[in-house]
Amino acid sequence: MAGFGSKIRDFFKKSSLSSSFYEDLEDRLIEADLGPKLAVELSELLSKAKAKDIETFKNVLSDKISPLIIGDQLTLSREKPNVLMFLGVNGVGKTTSIAKVAHYFHQQGHRNIVAAAGDTFRAAASEQLSIHGERLGFRVIKSHTGADSAAVVHDALTSAIAHKDDLLLIDTAGRMHNRSELLHELRKMDKIIRQRVSDSDYKRILVIDVNTGQNCLRQAEVFHEAVQLSGIIATKYDGTAKGGVLVALARELRIPIYFLGTGEAPSDLHVFDAKQFTQELVTLDF
Ligand SMILES: Nc1nc2c(ncn2[C@@H]2O[C@H](COP(=O)(O)OP(=O)(O)O)[C@@H](O)[C@H]2O)c(=O)[nH]1
Ligand SMILES: [Mg+2]
C-alpha cells in the first residue's frame, strides 16, 4: 500500500497544475498498478473535477473505486463436502493459502477437512501440504510425483464423500510454461468435481501475489477462461503491496475478493473488507 500512497502524495507535493499535470498523474496511477485503462479514466475524471489537491483526488478516487471492488465472504453450504479448488501460477501462495483456509474453517468449527495434493509435478509440493496437514489436523490425499492430478482429485473426492468431510481443499500445479497442458489438466479436474458436486458447493479460487502487479490480470483472465473463477485470495499483502492491482482486477473481471494474505503463518489471513480497503487505498500514506 505504501507504494500507491507515497507515489501520489509525492506527485501532488512536487507538481503544479501545468498542462502536463494530468498526463503525469496518469503515469503515476499506472505505476501504482491501477492499470492503463483505469488510469486514463481516473485522470480524465480528475481533470473534469479539476483535482489539483489531495482532498479532491481522494474523493474522486474513492467514488470511482468503491462500486468496482467487491468483497464476498467465503462461506460453506450445509452439503458435505464443500469443494474449494486453488489455482494460480507457481509461488503465489496456493499451498500456504490452503493451510490458512483450513485453519480459518477449523476455527469456525469445521473439524473434518481433507486436502488433495493435486500438484503432482514436484515432490516437494505434496510434502509441503502434508506438513501443513499434520500441524493443522487435516488429512492429505496424495499420489506419486508425476501422477495424474485428476486421479488424485477423484480419489480425494471419494474419500471426502465416504468420510462425510465438511471440506475438500484441492491444491494444483501452477506451471505456466506449458499453458495448454496446465489448462487441460485444470479442466479435467473441474469436470471430475462437477460430476459429483453441485455448483453451489464448489468454488474455484484464484490465488494471486499482489506484488506481481499487472501480471495478475493476465493470469486471472487465463484461469477464468479455463474454469470460471468464483473468487480471489490476494497474498503477500504484508510486503510492499500495491493495492491498485486489485482495483484493476475487480474492474476487468468482476470477481469478488475473499481474503488478503498477510504473512506465512496459518493465521495470516484476513476476510476482505471492500469498504476498509478503499478507505485505506485513498488515505494511507497521504
Ligand atoms: N510474506 C508472505 N509470504 C507468503 C504469503 N503467502 C505465501 N507466502 C510464501 O510464498 C512462498 C510460496 O508459497 P507457496 O504456498 O508454496 O506457493 P504455491 O507455489 O502457489 O503453492 C512461500 O515461501 C510462502 O511462505 C503471504 O501472504 N505473505
Ligand atoms: Mg504449492
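Points worth noting:
- Number of Lys pairs (Cα under 23 Å; 8 or more positions apart or on different chains) in the range 129-286: 11
- Charge-dipole axis of the chain as Lys and Arg at +1 and Asp and Glu at -1 on Cβ define it, positive-most pick from Tyr22, Gly231, Gly88: Gly231
- Oblate is the label for the range 79-173. Its Cα gyration tensor axes, ordered a ≥ b ≥ c, give a/c of at least 1.5 and b/c at or above a/b.
- Taking the average, over residues, of other Cβ atoms within 10 Å as the packing measure, peptides 260-269, 55-64, 87-96 rank 87-96, 260-269, 55-64 from highest down.
- Cβ-placed point charges (K, R +1; D, E -1), dipole of the range 82-272 about Cα centre in debye, nearest 20: 200 debye
- Share of Cα-Cα pairs in the range 97-153 lying beyond 14 Å, as whole percent: 50 percent
- From phi via Karplus (6.51, -1.76, 1.60), per-residue ³J(HN,Hα) for the range 66-72 in Hz, x at Gly/Pro: 3, x, 7, 8, 10, x, 8
- Straight-distance candidates among the aspartates and glutamates for linking to Lys100, with alpha-carbon spacing under 19 Å and chain neighbours fewer than 8 residues away dropped: Asp72, Asp119, Glu127, Glu134, Asp165, Asp166, Asp171, Asp209, Asp238, Glu264, Asp268, Asp273.
- Panel values: the range 2-65, Kirkwood radius from alpha carbon pairs, Stokes-Einstein at 37 °C and 0.692 mPa s, translational diffusion coefficient 287 µm²/s.
- Among the lysines of the range 2-65, pairs at least eight places apart or on separate chains and with Cα atoms under 22 Å apart come to 24.
- For the range 1-155: rounded, prolate or oblate by the Cα gyration tensor [a/c cutoff 1.5]: prolate
- Computed magnitude of the charge dipole of the range 2-65 (debye, nearest 20; Cβ of K, R +1, Cβ of D, E -1): 200 debye
- Surface/4 estimate of mean projected area, convex hull on alpha-carbon atoms of the chain, nm²: 14.6 nm²
- The shape of the range 145-231 can be summarised by an equivalent ellipsoid whose semi-axes, obtained from the alpha carbon gyration tensor, come to 24, 15, 12 Å from longest to shortest.
- Label zone at Gln276 (point 7 Å along Cα-to-Cβ), backbone N below 15 Å, the range 59-81: 71-74
- Per-residue 3J(HN,Hα) values for the range 193-206, derived from phi via the Karplus relation 6.51 cos²θ - 1.76 cosθ + 1.60 with θ = phi - 60°, read 5, 4, 5, 10, 10, 6, 4, 6, 10, 9, 10, 9, 10, 8 Hz in sequence order (x marks Gly and Pro).
- Amide H within-cut-off set for Ile170, under 5 Å, with H built and near neighbours excluded: Leu84, Met85, Phe86, Ala116
Values in this text are rule-based calculations from the coordinates and carry no lab data. Predicted model only: the values in this text are computed from it and were never measured. Because the Cβ atoms are built from the backbone with ideal geometry, glycine has one as well, and the counts that use them run over all protein chains shown.
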